[in-house]
1. In the full protein assembly as shown, how much of F125 is accessible to a 1.4 Å probe, in Å² to the nearest 10?
2. Once you have the Cα-Cα distance between R84 and L27, take 0.36 nm times their residue separation minus that, and quote the gain in nm to one decimal.
3. How much solvent-accessible surface does T47 expose, in Å² to the nearest 10, with a 1.4 Å probe and all protein chains in place?
4. Using a 1.4 angstrom probe with every protein chain in place, what is the largest-first accessible-area order of T49, T55?
5. How do Y103, Y175, Y5 rank by accessible surface area computed with a 1.4 Å probe, from largest to smallest?
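The values are calculated or read from the model by the stated rules, or taken from the named source; none is laboratory data. It should be emphasised that the depicted structure is a prediction, and the values quoted were computed from it without experimental measurement. All accessible areas refer to the heavy atoms of the entire protein, side chains included, with ligands and DNA or RNA removed. Shrake-Rupley method; radii C 1.70, N 1.55, O 1.52, S 1.80 Å.
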Amino acid sequence: RAWHYHAGRLFAYVARGAAAGALGESLLERIQTPAFALAAGLVFALTLTAIGVSTIRGGLGRHGLAFKFLNRAWAHAFRLKDARVRSLALGLLTPLLPCAWLYTFLAGAALTESALWGAAFMGAFGAGTLPAFGLLPAARKLLSPVAGRRLNLVAGSLFIAVAIAIVVMRVASLYQQASCH
């Protein structure tokens, strides 16, 4: 059943990545200026930084409205008789959860400005989350609370490091464009 769940989850991530990439292409080609590219990168970097800080502090909170809708959908999925179909349905619903990491990566998929690259970006994200879905919850139970906080510190710091790299790359790109003109 785990394979069915993960297949549904990865399919939904790829589909959402393709849609985000296509939307990004449609929007960004109309507003393509160096200043907008810098602003989009900064907003993405600020979002990553907020997630990093929140992760370091112990995680993100829950959002009521989204959970009400999802609770109904999950309840229907749990009532499905066939375990494989139930697992697949739950996997398809997982990318709808209010997960800051997921929505940050969807924004990144939009910044690819391509349905194909957006799908690939989210496919890589989904594949990268497989160990977290399988191994980390079990490993975290074995870890001491101090080790769990250290894991949050490392994960949060990685988000902040990526945010800094994005800002540096966007500013360097803007500087390079200005020096070429």
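1. Estimated to the nearest 10 Å², F125 gives 30 Å².
2. On the way: separation 57, 0.36 × 57 = 20.52 nm, distance 3.84 nm.
Contour length minus the Cα-Cα distance gives 16.7 nm.
3. Solvent-accessible area, nearest 10 Å²: 60 Å².
4. Values: T49 45, T55 15 Å².
So the residues, ranked largest to smallest area, are T49, T55.
5. Y175, Y103, Y5
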